[in-house]
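Each remark here refers to the structure printed beneath this line.
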Amino acid sequence: MSNRRELPESPYLAAIAGRTPSHTPVWFMRQAGRSLPEYRALRANHRMLDACFDAELVTEITLQPIRRHHVDAAILFSDIVVPLRGAGVDLDIVPDVGPVIAHPIRTADDLSGIGRLDPAAVAPVADAVSALVGELGATPLIGFAGAPFTLASYLVEGGPSRHHERTKAMMLGEPALWHRLMEALTEVTIAFLQLQVDAGVDALQLFDSWAGTLSLADYRHYVLPHSARVFDALAPAGVPMTHFGVGAAELLGAMSEAIGPQAAGMVGVDWRTALVDAAGRVGPGRALQGNLDPVVLLAGWDVVEPAARAVHDDGRAAIAAGAAGHVFNLGHGVLPATDPGLLTDLVALVHSL
């Protein structure tokens, strides 16, 4: 049974739903993590994957940017490969590398390595969500998962990949195997998101980080039906959902379609596409999230301030062009070298606008 809260004053939830927020809401992808000294102190004695399965650590790390930056939403501290581990996949998150899969998926026989999500295996995630709901007060909590395509890329490649050669070769050359893999990952993703909803998250975000490697035609044929299945399965929960990809300018319309007809849906936009242009691609009535280039934050406040004002103005123009609302964010995650003080000042600036 869901522990969902009513948060009528949340600027984040208002913007997604097309209501007028009290101020432009702002949060940052990867706001909890590598840029924060308090996070690095905690991680000194804990491996990344171990931290993701420790409810107390997940709770504390999720809360750190709320205390420091006063952002308008928290996002659950986790990793997109956590549900894969919960489904029996042998993997690790290697420092300075990323997720590494012990036995990559290359043949039909390899699919047996992906089981159903074991709720007991990911129980610490649900426990952390329940604890956070009690700690966050009026600040909404965003749950998340990796989209089937991005999970498939890690599984087929065996780890991070620049060109996703093996993934696309399987997709194009062995479509029956590909769709079986995507169907299995879709079910794992749905189960993981539903677990978070049942524990009390207020919103969801589906990260299809590597979808931008695809053409629009390939995305529509090989990916869209599976991502749409995720959104469709979670729609009855009634939580607003966001769809995000990197380098996905040509896919924004299709990614918006995947969300479906629900009233509160949002598309994340990276820094390569103006928000007003994105509004035309995703269609009227859809909120937008983004899209300051994370590298701008490495250039100092004299560069950050005018760039942030420009993104804010672009968001207002997008709303005038038909977008339901605008949530200020980066175009991708916070970079490790980012000065946390600049992030705090950026939040204050956006709120003042």
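The values are calculated or read from the model by the stated rules, or taken from the named source; none is laboratory data. Because the structure is predicted, anything quoted here is derived from the model rather than measured. No Cβ is skipped: glycine too gets one built from the backbone with ideal geometry, and neighbour counts run over all protein chains shown.
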State the number of residues belonging to the stretch 199-239 that are within 20 Å of L185 (Cβ to Cβ) and β-branched (V, I, T).
3
Of all residues in the stretch 322-353, which are touching a strand residue (DSSP E or B) at 6+ places or on another chain (Cβ under 8 Å) and either among the β-branched types (V, I, T) or within 17 Å of D293 (Cα to Cα) (or both)?
H326, V327, F328, N329, L330, G331, L346, V347, V350
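Residue-wise test of (1) more than 30 Å from I16 (Cα to Cα); (2) touching a strand residue (DSSP E or B) at 6+ places or on another chain (Cβ under 8 Å); (3) without any contact (Cβ under 8 Å) to a residue 24 or more places away in the chain.
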| position | (1), (2), (3) |
| --- | --- |
| A102 | yes, yes, yes |
| I105 | yes, no, no |
| A108 | yes, no, no |
| L111 | yes, no, no |
| V129 | no, yes, no |
| L132 | no, yes, no |
| L136 | no, yes, no |
| I142 | no, yes, no |
| G159 | yes, yes, no |
Could you tell me which residue of the stretch 314-333 is surrounded by the fewest Cβ atoms within 10 Å (Cβ to Cβ), considering only residues that are farther than 16 Å from R272 by Cα and either hydrophobic (A, V, I, L, M, F, W, C) or without any contact (Cβ under 8 Å) to a residue 12 or more places away in the chain (or both)?
A320
Among (1) closer than 27 Å to V246 by Cα; (2) β-branched (V, I, T); (3) in a helix (DSSP H, G or I), there is one condition V100 misses while meeting the rest; what is its number?
(3)
Residue under question is H179, and the condition is that it be in a helix (DSSP H, G or I), under 18 Å from the mean Cα position of the chain (by Cα) and modelled with pLDDT of 95 or more; does it hold?
no
Scan the stretch 26-70 for residues that are more than 16 Å from the chain's Cα centre (by Cα) and of a type in the set (S, T, N, Q) and report the count.
4
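Are any of the residues in the stretch 122-135 over 21 Å from the mean Cα position of the chain (by Cα) and outside any loop (DSSP other than H, G, I, E, B)?
yes
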Please go through (1) surrounded by 22 or more Cβ atoms within 10 Å (Cβ to Cβ); (2) out of contact with any Ser or Thr (no Cβ under 8 Å at 6 or more places or on another chain); (3) not polar (S, T, N, Q) for M255 and return the number of the only condition it doesn't satisfy.
(2)
So for the stretch 33-47 (the condition being surrounded by 14 or more Cβ atoms within 10 Å (Cβ to Cβ) and in contact with a strand residue (DSSP E or B) (Cβ under 9 Å, 6 or more places away or on another chain)), does at least one residue qualify?
no
Where in the stretch 197-276 are the helices (runs of 4 or more DSSP H), entirely inside, with at least 2 residues that are free of Cβ contacts under 8 Å to residues at least 24 places away in the same chain?
216-222
Can you find even one residue in the stretch 111-132 that is hydrophobic (A, V, I, L, M, F, W, C) and modelled with pLDDT under 95?
yes
One residue from T338, T344 being touching a residue at least 60 places away in the same chain (Cβ under 8 Å) and surrounded by fewer than 18 Cβ atoms within 10 Å (Cβ to Cβ):
T344
Just one listed residue, out of G265, G260, G290, G247, is within 21 Å of F28 (Cβ to Cβ), surrounded by fewer than 19 Cβ atoms within 10 Å (Cβ to Cβ) and within 18 Å of the chain's Cα centre (by Cα), and it is G247
